[in-house]
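Working notes, structure below.
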Amino acid sequence: MPAVSKGDGMRGLAVFISDIRNCKSKEAEIKRINKELANIRSKFKGDKALDGYSKKKYVCKLLFIFLLGHDIDFGHMEAVNLLSSNKYTEKQIGYLFISVLVNSNSELIRLINNAIKNDLSSRNPTFMCLALHCIANVGSREMAEAFAGEIPRILVAGDTMDSVKQSAALCLLRLYKTSPDLVLMGEWTSRVVHLLNDQHMGVVTAAISLITCLSQKNPDEFKTCVSLAVSRLSRIVSSASTDLQDYTYYFVPAPWLSCKLLRLLQCYPPPEDGAVKGRLVECLETILNKAQEPPKSKKVQHSNAKNAILFEAISLIIHYDSEPNLLVRACNQLGQFLQHRETNLRYLALESMCTLASSEFSHEAVKTHIETVINALKTERDVSVRQRAADLLYAMCDRSNAKQIVAEMLSYLETADYSIREEMVLKVAILAEKYAVDYSWYVDTILNLIRIAGDYVSEEVWYRVIQIVINRDDVQGYAAKTVFEALQAPACHENMVKVGGYILGEFGNLIAGDPRSSPLVQFNLLHSKFHLCSVPTRALLLSAYIKFINLFPETKSTIQEVLRSDSQIRNSDVELQQRAVEYLKLSSIASTDVLATVLEEMPPFPERESSILAKLKKKKGPGAVSVNELEEGKREAGELNGGGERGGDSSAISTPSPSADLLGLRAGHPVTAAAPSAGSLLVDVFSETGFIHYGRLMLLIFLRTHERTITKPVPFLAVPACLSASHTLLSLALRFVCKNNGVLFENQLLQIGIKSEYRQNLGRIYLFYGNKTSVQFVTFTTTLNVQSKPVEPLIEGGAQVQQVINIECLTDFSDAPLLNIKFRYGGALQNLTLKLPVTINKFFQPTEMASHDFFQRWKQLSQPQQEAQKIFKASHAMDTEVLKAKLLGLGMALLENVDPNPENFVCAGVIQSKAQQVGSLLRLEPNAQAQMYRLTVRSSKDTVSKRLCELLAEQF
């Protein structure tokens with residue numbers, strides 16, 4: 001940088017800053033600033049031309065005022081004028097002002113670009129660097145368009161000074177990050193790569209940052225950089241600290257450049273050239289050898305620089321995963337760090353060993369450190385290090401040490417930090433399932449898990465243990481016995497009651513021969529927990545009771561007394577009341593054979609990936625669970641599930657419980673299974689209340705089959721009616737739920753187009769009737785069950801007529817208006833009936849909400865009748881943009897950054913009708929892996945929720 005002359009001190013600026021600092025109050029400061037702004041404005045507008053020094057001084061004052069937090073709306077032109085100065089200090093202040101205060105939309109951007117071009121072509125290195133710094137600081141798309149072609153030329157030019165090359169490389173990197181489509185290397189690619197051979201280490205350091213970024217996006221174009229990077233790394237690693245004296249940091253030669261070279265090599269697979277690969281292996285071995293040498297300095301900067309290179313080298317070794325010797329050496333080196341006094345080193349060592357554990361070459365070497373890792377889990381003070389120790393135990397687990405690791409993790413779980421308990425629970429559940437050879441051990445582990453950390457055992461965990469017990473005949477008796485014993489504890493977690501209710505309801509007969517677990521003892525044990533449980537668990541227990549009547553007829557009178565009690569049939573919760581009434585009626589009127597059919601055992605579940613593994617992947621973020629682990633999870637799920645004898649469509653007709661997942665805190669929804677004798681009715685057997693829906697749908701079939709024998713109506717779930725003959729016409733209308741324009745109907749004679757618009761509770765539809773033939777349509781009439789203007793009775797061949805229909809929404813509705821069309825074609829009468837695509841969502845008024853307001857309103861709409869939920873299989877490809885377009889077409893406001901899970905969609909809107917306004921909230925959860933959706937709609941009116949849910953389920 002040029003020396004600043006004595007006259008450039010800007011005494012006026014120093015006095016102004018001193019005055020500001022001496023102000024006693026905010027008011028005094030504002031008064032002084034306003035006085036100075038008035039003075040500067042008068043100077044700029046005055047007749048007397050200001051010299052460069054004065055402009056620089058006043059622009060500096062404006063910049064200082066802006067940095068104090070005040071708005072500046074003038075002085076920009078004066079700053080631009082400073083760019084044309086030949087004095088460094090004036091040009092520097094001009095560029096500084098522009099970098100800070102001028103935005104990309106400024107009208108002055110063209111003048112600024114011209115000044116920058118002049119400086120770039122001036123060949124003055126100081127001015128060129130100032131211009132490049134300004135481009136990088138602003139970094140706008142306009143800057144990229146203007147200079148993306150010029151900067152690479154400066155970068156590779158032979159006569160460009162080293163300092164300018166450094167600035168050009170970093171400037172180009174900044175533009176590439178903001179506008180990658182505009183920064184095209186093209187012919188400059190090979191010359192940019194060869195900057196790695198530059199004599200100036202600063203140029204190489206700057207260039208490698210640019211090349212690394214470019215290689216990540218276009219690896220094939222820059223693959224020639226591998227050999228050059230290896231060559232440069234070899235020279236640095238083999239050099240003594242005195243060879244690179246200007247770039248040696250505490251006896252470590254060029255540590256920053258070494259780290260960047262190692263990081264660049266991680267963008268590519270191992271070199272194919274044997275000589276290059278051998279040289280790289282030699283470099284890595286040298287780095288590992290140097291790590292064993294005694295330190296040349298006791299200062300922390302020396303060890304930090306040395307360890308930074310070591311960890312990057314180990315990352316490269318792990319990335320290649322092809323050198324067994326290097327992998328084992330890296331593991332041993334990391335093992336030494338596990339007991340290092342520096343916390344950061346222990347953390348990094350555990351983190352790197354997690355990745356090493358997934359390699360077949362180093363997995364056994366990692367396992368040798370199991371005792372050290374277990375000790376770290378128990379004794380580390382820092383919770384983040386303990387979490388990494390738990391991650392490493394999870395990664396190093398296999399069949400040989402699974403029982404030991406699971407036992408240690410369960411032991412630690414009793415005192416674990418609350419922040420990591422849920423993740424620990426998921427890992428224990430996955431390991432117990434994945435490496436279970438003895439399924440009795442698996443059942444014991446999960447029940448112990450519920451006992452120790454019941455509050456953190458998610459539904460996926462107890463869903464999964466029930467799935468496995470149902471699919472494994474050899475473990476059902478043991479599971480029933482174990483859960484019966486667990487329920488005898490005085491304090492029993494609610495999740496244990498859920499598991500107990502489900503398993504005893506299905507397999508309690510397997511232990512009923514023992515007087516200590518007789519049917520009545522089982523029932524009394526479960527019922528003793530009833531009053532302590534939440535509504536969903538009580539609903540599950542009621543279903544277990546009706547199952548008991550089927551399994552143990554001797555308990556029928558006792559259970560009927562419970563179902564008949566006022567606390568059940570007059571329960572304030574409609575779900576419990578309905579179940580009690582239905583089950584009581586079923587037990588009273590059904591014969592033994594019918595009861596056995598309706599309440600038979602759950603069928604085996606189809607083979608599928610463990611939902612626990614999916615939840616852990618979602619919790620830890622992308623890349624946390626390897627592809628191999630997912631595939632192994634799917635493979636072992638088949639073994640645990642028993643092969644899944646009965647597959648079925650994964651879509652479901654389900655009635656969610658009041659505690660259904662509302663805020664995206666759970667992973668994918670559990671898989672459903674087909675009821676064996678329910679025809680095409682598919683049920684969500686793993687909703688909160690599990691086998692309840694299975695029994696209730698079978699009850700429906702029974703009631704509908706035997707309706708003549710029933711004298712008193714029984715409340716039960718509504719089943720969708722069979723599709724009528726007009727299903728095709730109905731599906732035509734459903735295509736317009738999320739759009740307003742298109743072709744409503746078309747055959748070889750007639751085409752009907754529709755265009756509609758809606759505002760609040762009013763709408764207008766334009767129907768276009770097109771004659772596709774060359775013959776007239778005569779006596780053309782349309783009839784609507786709403787008021788409409790008549791249409792022209794004659795449509796010439798090839799002609800089109802229009803009909804306008806005005807609509808007003810008086811109240812919420814479910815049935816669309818029917819349009820009947822009659823006309824004669826060639827003497828033959830044609831008759832057609834269509835449903836107009838007028839659905840309740842057309843009268844939505846979008847409502848924007850903040851995250852807090854959305855969740856507050858969501859919780860207010862918590863009554864069971866206010867919510868409708870549906871789980872269904874995707875009918876189309878799961879494209880995020882298409883989903884957004886459909887949700888916007890629905891008419892609601894699509895709310896961004898509200899749901900904790902970014903893959904989910906939430907919407908809000910108000911349906912406008914003449915009678916009332918109905919607020920509605922929507923949440924759509926796509927599960928790309930299972931190709932399924934869960935749709936939840938909450939409205940202040942129950943009929944609206946159900947109708948919206950039905951409409952939308954057909955759209956995705």
Which members of segment 824-858 meet the condition of being over 30 Å from LEU794 (Cα atoms), without any contact (Cβ under 8 Å) to a residue 40 or more places away in the chain and either open to solvent by 80 Å² or more (accessible area, probe 1.4 Å) or assigned by the TED database to the domain that holds THR779 (or both)? HIS852, GLN856
Apart from one, (1) closer than 20 Å to GLY52 by Cα; (2) open to solvent by less than 60 Å² (accessible area, probe 1.4 Å) all hold for SER163; the odd one out is (1)
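Here is a yes/no grid of residues against (1) in a helix (DSSP H, G or I); (2) of a type in the set (Phe, Trp, Tyr); (3) outside the structural domain of GLY763 (by the TED database):
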position: GLY919; (1), (2), (3): no, no, yes
position: PRO926; (1), (2), (3): no, no, yes
position: GLN929; (1), (2), (3): no, no, yes
position: TYR933; (1), (2), (3): no, yes, yes
position: LEU948; (1), (2), (3): yes, no, yes
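Among residues belonging to segment 859-871 that are assigned to a strand (DSSP E or B) and over 14 Å from GLY919 (Cβ atoms), point out the one that is farthest from the chain's Cα centre (by Cα).
ALA868
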Going through GLN866, GLN916 one at a time, which residue ends up being on the phi < 0 side of the Ramachandran plot and surrounded by 15 or more Cβ atoms within 10 Å (Cβ to Cβ)? GLN866
Against the conditions (1) of a type in the set (Ser, Thr, Tyr); (2) part of a helix (DSSP H, G or I); (3) over 21 Å from MET201 (Cα atoms), where does SER258 fall short? Just the number, please. (3)
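Listed here are the residues, each with its yes/no results for (1) at pLDDT 85 or above; (2) in contact with a strand residue (DSSP E or B) (Cβ under 6 Å, 6 or more places away or on another chain); (3) open to solvent by 70 Å² or more (accessible area, probe 1.4 Å); (4) assigned to a strand (DSSP E or B).
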site: ARG764; (1), (2), (3), (4): no, yes, yes, yes
site: TYR769; (1), (2), (3), (4): yes, yes, no, yes
site: VAL778; (1), (2), (3), (4): no, yes, no, yes
site: VAL786; (1), (2), (3), (4): no, no, no, no
site: GLN803; (1), (2), (3), (4): no, yes, no, yes
site: ILE807; (1), (2), (3), (4): no, yes, no, yes
Looking at the structure I just gave you, is THR355 over 23 Å from ALA229 (Cβ atoms) and open to solvent by 10 Å² or more (accessible area, probe 1.4 Å)? no
State which residue is farthest from ILE17 (Cα to Cα) when the search covers only segment 45-63 and only residues that are among the hydrophobic types (A, V, I, L, M, F, W, C) and crowded, with 17+ Cβ neighbours inside 10 Å. VAL59
Sole residue being surrounded by 16 or more Cβ atoms within 10 Å (Cβ to Cβ), within 40 Å of the chain's Cα centre (by Cα) and without any contact (Cβ under 8 Å) to a residue 40 or more places away in the chain, chosen from ALA79, ALA136, ALA115, ALA131: ALA136
Given the conditions (1) open to solvent by 10 Å² or more (accessible area, probe 1.4 Å); (2) under 30 Å from LYS298 (Cα atoms), which single one is not true for GLY202? (1)
Report, by residue number, each residue of segment 872-905 that is surrounded by fewer than 19 Cβ atoms within 10 Å (Cβ to Cβ), touching a residue at least 12 places away in the same chain (Cβ under 8 Å) and in a loop (DSSP other than H, G, I, E, B). ALA874, SER875, HIS876, MET878, ASN897, PRO900, ASN901, GLU903, ASN904
Kindly indicate whether LYS277 is touching a Pro at 6+ places or on another chain (Cβ under 7 Å), at negative phi and either not in a helix (DSSP H, G or I) or not aromatic (Phe, Trp, Tyr) (or both). yes
The condition from (1) part of a loop (DSSP other than H, G, I, E, B); (2) under 48 Å from the mean Cα position of the chain (by Cα) that VAL743 misses is numbered (1)
Pick from LEU170, LEU155: which is in contact (Cβ under 8 Å) with a residue 40 or more places away in the chain, more than 26 Å from LEU284 (Cβ to Cβ) and open to solvent by 60 Å² or more (accessible area, probe 1.4 Å)? LEU170
Flag for SER163 being more than 33 Å from the chain's Cα centre (by Cα), hydroxyl-bearing (Ser, Thr, Tyr) and within 23 Å of SER84 (Cβ to Cβ): yes
Can you tell me which residue is surrounded by the most Cβ atoms within 10 Å (Cβ to Cβ) among those in segment 264-306 that are more than 18 Å from LEU316 (Cβ to Cβ) and either among the charged types (D, E, K, R) or in contact with a Lys or Arg (Cβ under 7 Å, 6 or more places away or on another chain) (or both)? HIS302
So which helices (runs of 4 or more DSSP H) stay within segment 291-378 end to end and still have 1 or more residues that are of a type in the set (Ser, Thr, Tyr)? 300-320, 343-356
ASP391: passes all of (1) among the acidic types (Asp, Glu); (2) open to solvent by 70 Å² or more (accessible area, probe 1.4 Å); (3) under 27 Å from the mean Cα position of the chain (by Cα) but (2)
Looking at (1) assigned to a helix (DSSP H, G or I); (2) more than 29 Å from ALA489 (Cα to Cα); (3) at pLDDT below 90, which one does ASN550 not meet, given that it meets all the others? (2)
Could you tell me how many of the residues in segment 379-399 are over 18 Å from ARG341 (Cβ atoms) and assigned to a helix (DSSP H, G or I)? 9
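The values are calculated or read from the model by the stated rules, or taken from the named source; none is laboratory data. Nothing here was measured: the structure is a model prediction, and the numbers come from that model. For neighbour counting, all protein chains shown are included, and Cβ atoms are generated from backbone atoms with ideal geometry for every residue, glycine included. Just the protein is used for accessible areas: all its heavy atoms, side chains included, with ligands, DNA and RNA removed. Shrake-Rupley method; radii C 1.70, N 1.55, O 1.52, S 1.80 Å.
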